[in-house]
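Notes to accompany the following structure.
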Amino acid sequence: MNLPFNVSEREKKFVIVGGIIAFLIIIFYVMSWYAQIREDVRNYSDSRFFMIEKQLNKMSERDVLQKRVGILMKEIERKEKAFLRGDKPPVAAAALQKLLKETAAPLNIEVKLERALNPVDTEFYLGIPVEIGFTASTNKLKDLLYNLRKSPVFLTVSEIKIRVTRVNNPTSIYTTLVVTGFIKKPEDQGTVNKEAKNAA
């Protein structure tokens, strides 16, 4: 192909060299762009992998926490089965008084004093204290305390007072015990009504 103008050999070389340089520049930019794209994709993949790994770790931790919560809930349910029967303090106090009398009867201990005390708020539960008074030997007192300890109902002896009735013959002593059982806190009726209203 003949050009409409004359090009010397020297100019042809410049044109060829210029074309090669331009081609190399284009290749360089294309390769740089491709490398940048690959780097961006790799960084994105790494970040996604890190996030997925983090989420998986959280899920595994959640499973562990859920298992622990399940164990705690079963333990709470087991302990709550040992609470006093009755959802109100007067009913629970009557049940505790009956239990104390039944525990003392086989030991031939006659309960001469019994009274329900004010409930004690223990944040999550209500303590139901009952005071009893009786005269018994030290051995019978020891047996009574042992029987209360192994009772299927969860009880605590929060107070004990002992008075010797006969100084010359201290075989019998007058004992006052404050025994506490527990119930769940009664739900606040106002809160229950408010929740029911919101649900409706």
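What follows is calculated from the coordinates using simple rules that are stated; it is not laboratory data. In this text, all values refer to a predicted model and were calculated from it rather than measured experimentally. Neighbour counts are summed over all protein chains in view; Cβ atoms, including those assigned to glycine, are modelled from backbone coordinates with ideal geometry.
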Quiz prompt | Separation of the PHE154 and LYS67 label points, Cα + 7 Å toward Cβ, nm | solution = 2.5
Self-check item: Cα gyration tensor category, rounded, prolate or oblate, for the range 89-184 with a/c compared to 1.5
Solution: prolate
Exercise. Restrict the search to the range 61-155; then list the GluC sites (Glu not before Pro) that DSSP places in a loop and that have at most 12 other Cβ atoms within 10 Å of their Cβ.
Key: GLU110, GLU123
Practice problem: For the range 142-160 and the range 87-121, write down the distance between their C-alpha centroids in whole Å. | Solution: 12
Quiz item: Around LEU117, which amide H atoms from residues at least 5 apart in sequence, or from another chain, sit under 5 Å from its own amide H, with H modelled in the peptide plane?
Solution: VAL130, GLU131
